[in-house]
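> Have a look at this one before I ask anything.
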Amino acid sequence: MKKTFILAVLLWGFIVANGQNLIRIDGSKISVDSLVAKIDYLMKVANVSGVGVSVFNENKPVFSKTFGLADVQNKTPFTPNTVLYACSLAKNVFAYIVMQLVQENKLDLDKPLVQYINRLLVDIKINGFRRGYQDLKNDKRIEKITARMCLTHSTGFPNWRWFEPDKKLKIKFEPGTRYSYSGEGLFMLQYAIEQITGKGLEQLSRERVFVPFGMTSTSQVWQSEFDAKICYAHNAKGEPYELMKWDEASAGGSMSTTLADFTKFYEAMIQGEGLSKKSFDDMTNPQIRIRSKQQFGPGSWVDSTDNDAINLSYGLGVGVLKTPYGRAFFKEGHDDGMGHYTISFPDQKIAMIILTNNDNGESIFKELLEYAIGDVYTPWRWENYIPYNASASK
């Protein structure tokens, strides 16, 4: 009954909290009206095309609303059922599936992935865009890589091989010794899991996530029915980028979803639905410390003490930080014209989803997180979430 009610309200377009108040992590309250006004203001001053926000109290959605436009040129409204590119929020869904396989004893986090593959990995031709491991034929370190290393982004792989000057895959440091964000690592784990289960990622996602949680407008590959409810990515001027319609499933980020659908998944995940307490705790507690000054770019290779106060770390598929209100875990998504962020404070049972479809979107994250849930702990400099009023935030 509860799920049916939430679905009906989401389809209508707006969840509101009982008593019209939202509780923040420090126990203070804000009104729904004031949050709506704040989002409207931030969109206007930062010139953001569209925003979707869900806020959770007691790990249940008490506010879920979309603002602005999904298509600026045609003035199409951004609705809870508009389909947008989820970027790396796909990794959150994948990590959830992986943890289920671990607790079912189908996958050992610390067993080298090559042991799950019947043939020599570097000799296998893998169909898809820049796939396969022939570049590592003479690098035995690939035989050390485990599921834990993939989920903690410590494989040594670059983010994607096509970002490298020579477009080749390489291991840039000893696996397991350092955090360095890598979609390549997630794809290697995806390939191993597909061999273990005999199922592709889309089928696994449908069986374990999309169908159980009623996510009717979410897929790891583009579906033709999405064409009628597209959310475009926009540059800072509101001009659309070319629409990405993925035809191959990638754990690193091929998923399309809606605010309504992703809110259903996130509610289930933060409640630990489908996961044992051990699996949830392992996923959302520190596995490897993050010392880099920034997550990406040259600063990602510079060690720093900037985030020592929050003990910035990575769990199994999510970032983790320490606050006076207990740990928090987060996951971001980014591409040209898309910027998304999720964070949960499990001890407080308070969480938030932000989806945006504009290059300016991430510039409002710092202020919006602080106002909506009292989150002043997200490492916005490390994430490169430079505020629209940056001079006032230094």
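> When the residues of the range 294-313 are filtered to those that are in contact with a helix residue (DSSP H, G or I) (Cβ under 8 Å, 6 or more places away or on another chain) and closer than 18 Å to Thr177 by Cβ, which remaining residue is modelled with the highest pLDDT? Break it down into steps so the answer makes sense when it comes.
We begin by selecting, within the range 294-313, every residue in contact with a helix residue (DSSP H, G or I) (Cβ under 8 Å, 6 or more places away or on another chain); these are 294-295, 306-307, 312.
Next, only the ones that are closer than 18 Å to Thr177 by Cβ stay: 295, 312.
On the way: Gln295: 95, Leu312: 98.
Once the filter is applied, the top-ranked residue is Leu312.
> To continue, here is another question. Name the residue that is surrounded by the most Cβ atoms within 10 Å (Cβ to Cβ), counting only residues in the range 229-239 that are farther than 17 Å from Ala86 by Cβ and in contact (Cβ under 8 Å) with a residue 60 or more places away in the chain.
Filtering the range 229-239 for residues farther than 17 Å from Ala86 by Cβ gives 235-239.
Checking the rest, the ones that are also in contact (Cβ under 8 Å) with a residue 60 or more places away in the chain come to 235-236, 238-239.
Details: Asn235: 15, Ala236: 15, Gly238: 17, Glu239: 14.
Here the answer is Gly238.
> Let me ask another. Just wondering, is there one or more residues in the range 75-85 that are out of contact with any Lys or Arg (no Cβ under 9 Å at 6 or more places or on another chain) and aliphatic (A, V, I, L, M)?
Scanning the range 75-85 turns up at least one residue that is out of contact with any Lys or Arg (no Cβ under 9 Å at 6 or more places or on another chain) and aliphatic (A, V, I, L, M).
> Further, regarding this structure: Could you list, in sequence order, the residues of the range 24-46 that are over 15 Å from Ile354 (Cα atoms) and surrounded by fewer than 17 Cβ atoms within 10 Å (Cβ to Cβ)?
Asp26, Gly27, Ser28, Lys29, Ser31, Asp33, Ser34, Ala37, Tyr41, Lys44, Val45, listed by residue number.
> Also: I need every pair where a residue in the range 273-295 that is charged (D, E, K, R) has its Cβ under 6 Å from the Cβ of a residue that is part of a strand (DSSP E or B) and surrounded by 17 or more Cβ atoms within 10 Å (Cβ to Cβ), sequence separation at least 6 or different chains.
From residues that are charged (D, E, K, R), the pairs are Arg289/Ser313.
> Which one is farthest from Ser254 (Cα to Cα), of the residues in the range 88-141 that are β-branched (Val, Ile, Thr) and either touching a Pro at 6+ places or on another chain (Cβ under 8 Å) or at pLDDT 95 or above (or both)? Don't jump to the end; show me each part of the working.
Quick first cut of the range 88-141, residues β-branched (Val, Ile, Thr) only: 93, 97-98, 102, 114, 117, 122, 124, 126.
Among the residues that remain, those that are also either touching a Pro at 6+ places or on another chain (Cβ under 8 Å) or at pLDDT 95 or above (or both) are: 93, 97-98, 102.
On the way: Val93: 11, Ile97: 15, Val98: 17, Val102: 23 Å.
Filtering the range 88-141 for residues that are β-branched (Val, Ile, Thr) and either touching a Pro at 6+ places or on another chain (Cβ under 8 Å) or at pLDDT 95 or above (or both), the one farthest from Ser254 (Cα to Cα) comes out as Val102.
> Which of the following residues is free of Cβ contacts under 8 Å to residues at least 12 places away in the same chain and open to solvent by 20 Å² or more (accessible area, probe 1.4 Å): Asn81, Asn105?
Going through Asn81, Asn105 in turn, just one is free of Cβ contacts under 8 Å to residues at least 12 places away in the same chain and open to solvent by 20 Å² or more (accessible area, probe 1.4 Å): Asn105.
> Report yes if some residue within the range 240-251 is open to solvent by less than 10 Å² (accessible area, probe 1.4 Å), of a type in the set (Phe, Trp, Tyr) and touching a residue at least 60 places away in the same chain (Cβ under 8 Å); otherwise report no.
Checked the range 240-251: no residue is open to solvent by less than 10 Å² (accessible area, probe 1.4 Å), of a type in the set (Phe, Trp, Tyr) and touching a residue at least 60 places away in the same chain (Cβ under 8 Å).
> Does the range 287-311 hold any residues that are in a loop (DSSP other than H, G, I, E, B) and at negative phi, and which are they?
Gln287, Ile290, Arg291, Lys293, Gln294, Gln295, Phe296, Val302, Ser304, Thr305, Asp306, Asn307
> Is it true that Ala95 is touching a Gly at 6+ places or on another chain (Cβ under 9 Å), over 30 Å from Ala236 (Cα atoms) and buried (at least 19 other Cβ atoms within 10 Å of the Cβ)?
When the stated conditions are applied, Ala95 passes them.
> Return only the number of the condition from (1) hydroxyl-bearing (Ser, Thr, Tyr); (2) open to solvent by 20 Å² or more (accessible area, probe 1.4 Å); (3) under 18 Å from Ala251 (Cβ atoms) that Tyr314 does not satisfy.
Looking at each condition in turn, Tyr314 falls short on (2).
> Going by the conditions given, is Gly253 touching a helix residue (DSSP H, G or I) at 6+ places or on another chain (Cβ under 7 Å), modelled with pLDDT under 95 and on the phi > 0 side of the Ramachandran plot? If you could, list the steps in order and put the result at the bottom.
Details: touching a helix residue (DSSP H, G or I) at 6+ places or on another chain (Cβ under 7 Å): yes; modelled with pLDDT under 95: yes; on the phi > 0 side of the Ramachandran plot: yes.
Answer is yes for this residue.
> Which residues, counting only those in the range 67-95, are on the phi > 0 side of the Ramachandran plot and in a loop (DSSP other than H, G, I, E, B)?
Scanning the range 67-95 gives Lys75, Cys87.
> Identify, please: which residue in the range 49-67 is touching a residue at least 60 places away in the same chain (Cβ under 8 Å) and open to solvent by 10 Å² or more (accessible area, probe 1.4 Å) and is, among those, nearest to Lys229 (Cα to Cα)?
Thr66
> What do you reckon, is Tyr85 at pLDDT below 95 and under 29 Å from Leu275 (Cβ atoms)?
no
The values are calculated or read from the model by the stated rules, or taken from the named source; none is laboratory data. On a predicted model such as this, the values are computed, not experimentally measured, just so you know. Cβ: placed from backbone, ideal geometry, glycine included. Neighbour counts: every protein chain shown. Each accessible area value is taken on the protein alone, full model and side chains, heavy atoms only, with ligands, DNA and RNA left out. Shrake-Rupley method; radii C 1.70, N 1.55, O 1.52, S 1.80 Å.
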